[in-house]
1. With Cβ to Cβ distances under 15 Å as the rule, what net charge do the other residues near Lys143 carry (K, R +1; D, E -1)?
2. From the backbone phi of the stretch 33-45, what are the Karplus-calculated ³J(HN,Hα) couplings (6.51 cos²θ - 1.76 cosθ + 1.60, θ = phi - 60°) in whole Hz, Gly and Pro given as x?
3. What's the magnitude of the charge dipole for the chain around its Cα centre, counting Lys and Arg as +1 and Asp and Glu as -1 at the beta-carbon? Answer in Debye, nearest 20.
4. List the pairs from Lys146/Lys180; Lys4/Lys47; Lys51/Lys143; Lys36/Lys180; Lys51/Lys180; Lys89/Lys180 whose alpha-carbon separation is above 21 Å, in the order I gave them.
5. For the chain, calculate the relative contact order in percent as a whole number, restricting contacts to Cα pairs under 8 Å that are 6 or more residues apart.
6. Taking Rh as the Kirkwood radius, which is the inverse of the mean 1/r over Cα pairs, what is the Rg/Rh value for the stretch 6-196?
7. Residue by residue through the stretch 6-20, what is 3J(HN,Hα) from phi via Karplus (6.51 cos²θ - 1.76 cosθ + 1.60, θ = phi - 60°)? Round to whole Hz and write x for glycine and proline.
8. Got a sec? Charge dipole of the stretch 111-201, +1 on Cβ for Lys and Arg, -1 for Asp and Glu; which of Trp167, Asn128, Asn150 is way out at the positive end?
Amino acid sequence: MDIKDSRFITSSSAHSQCPPPDLPEFAFIGRSNVGKSSLINMLTARKNLAKVSGKPGKTQLINHFLINNAWYLVDLPGYGWAKVSKSEKQKWGEMIHDYLLERRNLMLIFVLIDIRLPPQPIDMEFINWLGENGIPLALVFTKADKLSHNKNQSSVARFKRQLKKNWEELPPMFVTSSMKIEGRDRVLSYIGDMLENIPPE
Ligand code: GTP
Ligand code: MG
């Protein structure tokens with residue numbers, strides 16, 4: 001699958017404000033600064049479709065992008081941003097949890113993980129919450145250009161070991177670099193396969 005056309009549709013501050021759930025949807029989430037917006041730009045081959053920033057917490061709303069007039073790609077605000085107040089964290093939690101639990105056209109959520117870091121409690125907590133709620137997910141390791149191939153492999157292996165403590169079956173995993181344009185084809189063909197295999201209602 002290739003992306004021929006991508007268009008920003010809208011930013012929503014609540015699930016209830018999102019576009020009608022009339023097309024299949026894939027969302028991207030992860031800790032603030034992990035590279036969600038960069039990954040979306042890499043996948044769509046657009047420099048500035050999603051806003052990238054060195055400052056954590058850039059994306060604060062649910063951002064919908066229409067891809068090939070056929071499906072939505074969603075940039076979600078990052079979690080684990082230290083500099084927000086407790087009430088803002090709560091607001092984030094409600095917005096994201098509502099969206100994930102209620103959005104009926106959501107096919108899959110990609111959880112982004114910085115490949116350089118050991119498994120972070122906040123990521124494990126979130127992934128386990130997705131599992132408990134039966135929300136299909138895949139993992140995308142980001143910033144693979146920052147480590148050697150071997151270090152990337154051992155980082156993924158370390159993450160798998162951690163997951164196996166709670167999970168019998170592991171989710172699909174992709175190693176990517178938005179800077180070096182790595183992993184693009186694998187992520188897109190995974191999305192393409194899912195789109196081709198949507199059961200009729
Ligand atoms: P929030 O919207 O704040 O939650 O952040 P985000 O997850 O959308 O991250 P964003 O894409 O804005 O990237 C954060 C920083 O990481 C920026 O300085 C990017 O240039 C950098 N970055 C993102 N992806 C990569 C990558 O694959 N390689 C390298 N080296 N840097 C990256
Ligand atoms: Mg962002």
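1. Here the count lands on +3.
2. In residue order, the calculated couplings are 6, 6, x, 5, 5, 4, 5, 5, 5, 5, 5, 8, 6 Hz.
3. The dipole of the chain has a size of about 1140 debye.
4. Over 21 Å Cα-Cα: Lys89/Lys180.
5. Once normalised by length, the contact order is 23 percent.
6. Here Rg/Rh amounts to 0.93.
7. Coupling constants for the stretch 6-20: 9, 9, 5, 9, 6, 10, 10, 9, 8, 3, 5, 9, 5, x, x Hz.
8. The residue sitting farthest along the positive end of the dipole is Asn150.
Only the coordinates and a few stated rules stand behind these numbers; no lab work does. This is a predicted model, so every value here is computed, not measured. When we count neighbours, we look across all protein chains shown, and the Cβ atoms used for this are built from the backbone with ideal geometry, even at glycine.
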